[in-house]
1. Testing Lys198 on (1) more than 16 Å from the ligand (Cβ to nearest atom); (2) modelled with pLDDT of 90 or more, one condition comes back false. Which one is that?
2. Report, by residue number, each residue of the range 103-125 that is within 16 Å of the ligand (Cβ to nearest atom) and buried (at least 20 other Cβ atoms within 10 Å of the Cβ).
3. Taking interchain pairs and intrachain pairs at least six residues apart, which have beta carbon atoms under 6 angstrom, with the first residue in the range 114-133 and on the phi > 0 side of the Ramachandran plot and the second more than 8 Å from the ligand (Cβ to nearest atom)?
4. Can you find a residue in the range 187-199 that is closer than 22 Å to Leu89 by Cβ and basic (Lys, Arg)?
5. If I filter the range 1-30 down to residues being buried (at least 17 other Cβ atoms within 10 Å of the Cβ) and not in a strand (DSSP E or B), which single residue comes out as modelled with the lowest pLDDT?
6. Quickly run through the range 68-102 and pick out the residues that are part of a loop (DSSP other than H, G, I, E, B), at pLDDT 60 or above and more than 25 Å from Asn20 (Cα to Cα).
7. Might you let me know whether the range 142-158 holds any residue that is within 20 Å of Phe233 (Cα to Cα) and in contact with a helix residue (DSSP H, G or I) (Cβ under 7 Å, 6 or more places away or on another chain)?
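The values are calculated or read from the model by the stated rules, or taken from the named source; none is laboratory data. Just so it is clear, the structure is predicted and the values come from calculations on it, not from any experiment. Every residue, glycine as well, gets a Cβ built from its backbone with ideal geometry; the counts of neighbours run over all protein chains shown.
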Amino acid sequence: MNLYYCCNNIEITFWEDKRNLITDQNAVGKILAVSSTIVTFFRELQLESTSATAVSINPPIPDLQQYINRFKEIGEEPTTFHSQPIITLAQMMQKNPDSITQNKGACNVTLADFDHDKPLAYVNCNNCNQRAHLHEKSKFVCLDHWDDYGVKCMYCVNTIIKDKDTTAKAIFFDEAMTDMLETTCEEMIMKRGYKDTKLIPDEIIALQGQHCQLQMTIKKDKSIAVNRAKNLFRIHQHLQKQRE
Ligand SMILES: [Zn+2]
């Protein structure tokens, strides 16, 4: 489970043996005292549980209520990475696509394959938002505005994901694919030169077979939109490096 708080926020990851110390029900909106974590780096600084980590919810400190009120005044709702517990892909597929509260879920899956026939990114004009076209194999331009306003690049990667008994089609949207790669679409296309948006770059191919935790929404056509992702494989790599 991962906790966030707004403003000066830091993410804490509670690994397997500590995952039950807090739940959405007992922790959201409360003051937490968390001990014995380690500082690690995954896109930004974060904290992770260790075997010694302990949590006290609304610990007996002076002015506890004042702290709670102060966080409330900041105005933003505290959230967890997934507001529901992790479910299976089969359970995800049975969610109701017509309900905006019942169509979301989080799953641990493997990224099994890519749809090689679909583009993996969109490049649109910053001004009119229409699709930009590759000009002389070097830059993207808008037919109406040329490169006057520049373009924005967004991942939209069609994949096959699976867990132990279910396979599904899933589209990784911009934020989710950026999460997986730690590389923005703009960086991939503009700086690394992947101008052919149907050609899947090696960095993305390398994600094949990797384990990830996805925040998803089920669509009416039973396809899955992936909104955020955690590349569990990469997190463990980061951790291992730090311990060496
Ligand atoms: Zn335009």
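1. Going through the list (1) more than 16 Å from the ligand (Cβ to nearest atom); (2) modelled with pLDDT of 90 or more, Lys198 breaks only (2).
2. Val123, Cys125
3. That search, which allows pairs on different chains as well, returns nothing.
4. no
5. Looking at the filtered set, the residue picked out is Met1.
6. Gln94, Asn96, Pro97, Asp98, Ser99, Ile100
7. So far as the range 142-158 goes, yes, one or more of its residues are within 20 Å of Phe233 (Cα to Cα) and in contact with a helix residue (DSSP H, G or I) (Cβ under 7 Å, 6 or more places away or on another chain).
Per-residue answers, yes or no, for (1) within 19 Å of Lys118 (Cβ to Cβ); (2) assigned to a strand (DSSP E or B); (3) in contact (Cβ under 8 Å) with a residue 24 or more places away in the chain:
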residue: Asp179; (1), (2), (3): no, no, yes
residue: Cys212; (1), (2), (3): no, yes, yes
residue: Lys222; (1), (2), (3): yes, no, yes
residue: Val226; (1), (2), (3): yes, yes, yes
residue: Ala229; (1), (2), (3): yes, yes, yes
residue: Lys241; (1), (2), (3): no, no, no
